[in-house]
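Novice: Handing you a structure now.
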Amino acid sequence: MGQTQDNSSNKYFNRYVALLAMVGDPEFVDFLAEARPQVVQMGFYGPQLYALGDTDLGSGYPMRLPVRGIDQVLEWQKDFNQQVHRLGGKVIGHFSMTTTWGDPKEKTGFFESYDDSWPTNLLGPKPVEQIADLVQKSADGLMIVGDRYGFPWVVGCSNNPHWRQLHRKMVEIAITECDVDGFVSLYNYNHGCACEYCNQAFRIYLKNQYSSREILSQFGIDDIAEFCLDGKLGKVVGWIDTDSPHPVNLQLEAMRFSQLSWKHHYDEVFVKTGRKLKPDLILGSWNHLGFVGHHERNVMPKELWGRDEDLLWYSSGGQFGTVAEGDAGIRMLNLKFIWELSGHKLPVLGRYEGTRTRASIAEGLACQGPGMGLYCNWKDPDGRKAFIDYFHFAEEFEAYFHPVKSHAEVALVFPRQSVLAGDDQPVERFRQIGQFLMDEHVLFDVLSDQKISAERLNQYRSIVLTKTVALSQNQTDLLAEYAAQGNPVIVTSDSVGPVDGNIRPDWFTEHKKIFSISLDNRSELLSLLRDEINGGLSQFDTMWAVRVNAYQQPGRIIIHLVNYNRIESEAGGPANESPIATIDIGVNLRLRECHKQVTRVTFLSPEPPYREDLTWDREEMQSQDRLRFQIRSMLVYGIVVIELSE
């Protein structure tokens, strides 16, 4: 299925402004000059522009084009991009992979422009005579149509070579005419396309993966040459339909096929075409995760997950969570998940709110990504101040943010092999345990079960598993060897059965450091981590709504703290973020037998007290490899820089 080498360079930036709708107000550039973001995400360069650029509809949400006319919009975007370049920043634009606005019955949007005002000077001759030969189709051969933001839409097909041809030309125009620095793909969907291109490609896909006998036994298909997609298979975002007549294996393969089709489409348009024109092109994709739920690449092969991308944007949905309900900042687990599966690339949460501006920026900074993926309230005085204060803080202390290695003590294993086998039940356990570990301030990483290796296991003092049935023999052997070295392996009890994959019945009795616990007994999990880890865990004495991450750099440890506690109300907007400061945060940090001397401990924050040199117990540190200190007060976000010397 093509090369698997990742040609991206793991770009890093953490001062980032993203707006879906375009901003034509000249004062926006003044804001950018004051805030100094490294990257601005704004603008449209794909089929949506060519559908509505010449119409009044283009001035409405979600595009809000500042001028009318495709040539005029491109010229405006070129001028904006150059203004940002003069400020020292870069611009990445939006590019729809599928959705384009237009009503086939009323001949509006893309249908009007395609028939009456096709921009031959930009895109060349029309690739086909009618739009129906570009887009996704149902099993009866009709165009798939829908509605969003009050606009009708049709959706292009990733397997359609003519659609890809159009995209390549649009990318070329964006780079050569507008000097854009990158793209974030939108609408990475398959609505159940059953067009001739998808049918042909799916037959080839199955034949390349399976023999005729396997295709019959596993999928119930006796003649692959005659098999046709039914408009329900291969939907993205999607999951297994228990009422479907199709076997689970066929549903999974159809989803994987659709996700691979999107990936090949993405690579052809942005990597092969875009990076040929501009090798340092910043690339990302805008996907949807909810709270570690099903998403646009949930069954994508691990070697292709985020390959050649720099920015992994995942919308977290409209459920914001409240402190009163015990749900504040739990979607930091999403960021940990993205960081792991992408191979430590930039994770972004697209938050659909404009109130908790500081907390949203802070959680991104604390998780090795740029914060606040959407709704930059730059006109609001409080929102503007939050961006400026936090960006200036990140700029002043950028040496403490990147590059880093994790200083986590525990790994929570994400059961991706179970998901790939069609079992998503362990993901709920993963979410519950992840939230609990965050509430208890355990320093932990997410570890995908597909990435279990001796090297990865040895980075941590303990491993927590939510499911073992999908583990391979080699993986269970590695875990047993890890436990034999004195490291606790903790498994939720309902995830182990008499025929649980490669787990032998004596696995728990043979190894003193392998434990089975009830998912409901969270206190036992915490006790095991504290008591069975040699030397115990680091501990943070503060309220549960404070989240803690820690990283290493040569000669230092950096702790990030994000406080989500606030006065909650129905009123929105940055002025109503209303954070409640947390005081007297006690830190008891394990130093991992580093045999180094702590020379300085400094608390830094974009809010008062801004900077404070902290004191610590030198005698205890020398005798127990523990560093104890206290932070007097923190409003929303702060980092602790611990300087070490031999």
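The values are calculated or read from the model by the stated rules, or taken from the named source; none is laboratory data. Keep in mind it's a predicted model, so treat the numbers as computed, not measured. Cβ coordinates were reconstructed from backbone atoms using ideal geometry, including for glycine residues, and neighbour counts include every protein chain displayed. Surface areas here come from the heavy atoms of the whole protein model, side chains and all, with no ligands, DNA or RNA. Shrake-Rupley method; radii C 1.70, N 1.55, O 1.52, S 1.80 Å.
Novice: Quick one: angle between helix 522-532 and the longest Cα principal axis of the chain, in degrees between 0 and 90, rounded to 10, please.
Specialist: The helix 522-532 is inclined about 60 degrees to the chain.
Novice: Here are some pairs, 137/278; 11/379; 90/272; 235/345; 302/512; 78/263; which of them have Cα atoms lying more than 24 Å apart in this structure?
Specialist: 137/278; 11/379; 235/345; 302/512; 78/263
Novice: Decide, for the stretch 242-310, between rounded, prolate and oblate: order the square roots of the alpha carbon gyration tensor eigenvalues as a ≥ b ≥ c, take rounded if a/c falls under 1.5, and otherwise choose prolate if a/b is larger than b/c, else oblate.
Specialist: Verdict is prolate for the stretch 242-310.
Novice: Mind ranking 293-302, 93-102 by how tightly packed they are, going by the mean number of other C-beta atoms within 10 angstrom, highest first?
Specialist: Most protected by this proxy first, the peptides run 93-102, 293-302.
Novice: Consider just the alpha-carbon atoms of the stretch 301-346 and return their Rg together with their Dmax, both in angstrom.
Specialist: Both quantities, over Cα of the stretch 301-346: 13.1, 41 Å.
Novice: Could you state the accessible area per residue of the stretch 140-226 in Å², with a 1.4 Å probe and every protein chain left in place?
Specialist: On a per-residue basis, the stretch 140-226 sits at 45 Å².
Novice: Moving to a separate point now. Tell me, what is the FRET efficiency for residue 625 and residue 327 to the nearest 0.05, using R0 = 35 angstrom and their Cβ-Cβ distance as r?
Specialist: 0.50
Novice: Could you rank the peptides 162-171, 78-87, 354-363, 210-219 by their average count of other C-beta atoms within 10 Å per residue, with the highest value first?
Specialist: Answer by packing, highest mean first, reads 354-363, 162-171, 78-87, 210-219.
Novice: Quick one: 3J(HN,Hα) in Hz for the stretch 419-431, Karplus 6.51/-1.76/1.60 with θ = phi - 60°, rounded, Gly and Pro as x.
Specialist: With coefficients 6.51, -1.76 and 1.60, one gets 4, 5, 8, x, 10, 9, 4, x, 5, 5, 4, 4, 4 Hz.
Novice: Something else: Please state, rounded to one decimal and in Å, the Kirkwood hydrodynamic radius that the stretch 567-607 gives when every pair of distinct Cα atoms enters the mean of 1/r.
Specialist: Roughly 14.6 Å, rounded to one decimal.
Novice: When the expected Rg is taken as 2.2 N^0.38 Å, what fraction or multiple of it is the alpha-carbon Rg of the stretch 139-259?
Specialist: This ratio for the stretch 139-259 stands at 1.25.
Novice: Rounded to the nearest 10 degrees, what's the angle between the helix 70-86 long axis and the longest principal axis of the chain, both from Cα atoms, 0 to 90?
Specialist: So the inclination is approximately 30 degrees.
Novice: Additional query: Would you mind giving the three semi-axes, in whole Å and largest first, of the ellipsoid equivalent to the stretch 58-111 according to its Cα gyration tensor?
Specialist: So the equivalent ellipsoid measures 27, 13, 9 Å along its semi-axes.
Novice: If each Cα of the stretch 7-46 is one equal point scatterer, what is log10 of I(q)/I(0) from the Debye formula at q = 0.15, 0.19 Å⁻¹?
Specialist: -0.45, -0.66
Novice: By per-residue mean of other Cβ atoms within 10 Å, what is the highest-first order of 512-521, 583-592?
Specialist: Packing proxy ranking, top to bottom: 583-592, 512-521.
Novice: Over the stretch 278-351, with the other protein chains present, what is the accessible area per residue in square angstrom, probe 1.4 angstrom?
Specialist: Per residue, the stretch 278-351 has an accessible area of 23 Å².
Novice: For residue 315, enumerate residues with amide H under 5 Å from its amide H, sequence gap 5+ or separate chain, H modeled in the peptide plane.
Specialist: Long-range HN contacts for residue 315: 287, 288, 289, 350.
Novice: For the stretch 476-490, take each phi angle, set θ = phi - 60°, evaluate the Karplus expression 6.51 cos²θ - 1.76 cosθ + 1.60, and give the result in whole Hz per residue in order, putting x for glycine and proline.
Specialist: Using θ = phi - 60°, the values come out as 5, 5, 5, 5, 5, 5, 4, 5, 5, 7, x, 9, x, 10, 10 Hz.
Novice: Can you list the HN-Hα couplings for the stretch 104-109, worked out from phi with the Karplus curve (6.51, -1.76, 1.60; θ = phi - 60°), rounded to whole Hz and with x for Gly and Pro?
Specialist: Values, residue by residue: x, 7, 8, 6, 10, x Hz.
Novice: Let me ask something else. Keeping the other protein chains in place, figure out the carbon and sulfur percent of the accessible area of the stretch 161-294, with a 1.4 Å probe.
Specialist: C and S fraction of accessible area: 47 percent.
Novice: What 222 nm value per residue comes from the helices of the chain, counting each DSSP H run with n ≥ 4 as -39,500 (n - 2.57) and dividing by all residues, nearest 500 deg cm²/dmol?
Specialist: When only DSSP H runs of four or more count, the value is -9000 deg cm²/dmol.
Novice: Given the stretch 41-196, report the % of alpha carbon pairs whose separation exceeds 22 Å.
Specialist: For the stretch 41-196, the fraction of Cα-Cα distances above 22 Å is 38 percent.
Novice: If you wrap a convex hull around the Cα atoms of the stretch 316-368, how much volume per residue is inside, in Å³?
Specialist: Hull volume over Cα atoms, normalised by residue count, gives 75 Å³.
Novice: Another question, if that's okay. Along the principal axes of its C-alpha atoms, what lengths does the stretch 84-158 span, in descending order and rounded to whole Å?
Specialist: 52, 28, 24
Novice: What is the angle, in °, between the Cα long axis of helix 332-341 and the longest principal axis of the Cα atoms in the chain? Nearest 10 is fine, range 0 to 90.
Specialist: Around 70 degrees separate the two axes.
Novice: Still on this structure: Over the stretch 227-278, what portion of Cα pair distances is larger than 15 Å, expressed as a whole percent?
Specialist: Of all Cα-Cα distances in the stretch 227-278, 53 percent exceed 15 Å.
Novice: List the pair-distance distribution P(r) of the chain, using every Cα-Cα distance, as the percent of pairs falling in each 10 Å bin from 0 up to the bin containing the longest distance, rounded to whole percents.
Specialist: Calculated P(r), rounded to whole percents: 3, 15, 24, 25, 19, 10, 3, 0, 0.
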